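Contents: one structure, followed by commentary.
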Amino acid sequence: MRDIIKDKAIISDDWTVLKLAEGETPDAVTVSEGKTIVPLQVWLLQRTALLPRLQQQKNLAVWFGSDEEAKQLGEDIALFGLIAVDFPKFSDGRGYSIAYTLRSRFAFTGELRAIGDVLRDQLFYMQRVGFNAFATREDRNIHDALKGLTDFTESYQTSWDQKNPLFRRTERADQSELAGAKT
């Protein structure tokens, strides 16, 4: 088991992320028992066999590669309590769009986890687009990474976590007060 950040706390995680080994194909790979996060393509190609397990045991989740789109999962999104998005390298920002789309267009309300090359500097922004769980790189201090969620106290733009821009959230002085101050 490894530790992850979930809902702004460090917890032990008992989920395993299935990554295909060289030569394995999504249609033929064996999905082990236990809590497993499978690649989207494995789910799509083995859906018939995996669906009963998901419905009965609730121990299956899916992860998106950065080159995949939320719409590929379609209505099955509602079946999952956990969806992960892989960041193959920290500079690949496509996962932000996937997360935002899952939350805003597909109304996904379950755990949305960032996996892969996830660093402290990204957590604040990942949280803004809808992530609530983070499997940070194992070579980094998770306690330090947790602080990344509170690096900033305000944000200017709208996003998943803040529907109004800063200029709509701040109170402005009454125009009559401003006019009186000038005289």
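The values are calculated or read from the model by the stated rules, or taken from the named source; none is laboratory data. From a predicted model like this one, the values you see are computed outputs, not experimental measurements. Please note: Cβ atoms are built from the backbone with ideal geometry, for glycine as well, and neighbour counts cover all protein chains shown. SASA here: full protein model, heavy atoms, side chains in, ligands and nucleic acids out. Shrake-Rupley method; radii C 1.70, N 1.55, O 1.52, S 1.80 Å.
Could you pull out the GluC sites (Glu not before Pro) across region 8-92 that fall in loop regions by DSSP (anything but H, G, I, E, B) with no more than 16 other Cβ atoms inside 10 Å?
Answer in residue order: E22, E24, E33, E69.
At 25 °C and 0.890 mPa s, grab the translational diffusion coefficient of region 10-98 from Stokes-Einstein with a Kirkwood Rh over Cα pairs, rounded to a whole number in µm² per second.
Approximately 179 µm²/s, per Stokes-Einstein.
Can you pick out the pairs among K19/K89; K8/K71; K58/K89 whose Cα atoms lie more than 24 Å from each other?
Exceeds cut-off: K8/K71; K58/K89.
Net charge near Q57: determine it from the other residues with C-beta under 11 Å of the C-beta of Q57, scoring Lys and Arg +1 and Asp and Glu -1.
Residues close to Q57 contribute a combined charge of +2.
Roughly how much of V38 is accessible, in Å² to the nearest 10, using a 1.4 Å probe?
Its heavy atoms expose roughly 0 Å² to the probe.
Could you run the Karplus curve 6.51 cos²θ - 1.76 cosθ + 1.60 with θ = phi - 60° over region 78-90 and give me ³J(HN,Hα) per residue in whole Hz, x for Gly and Pro?
For region 78-90, the Karplus curve yields 5, 6, 9, x, 9, 10, 10, 10, 8, 10, x, 8, 4 Hz.
Looking at region 1-113 only, what percent of DSSP beta bridges run antiparallel? Nearest 5 please.
30
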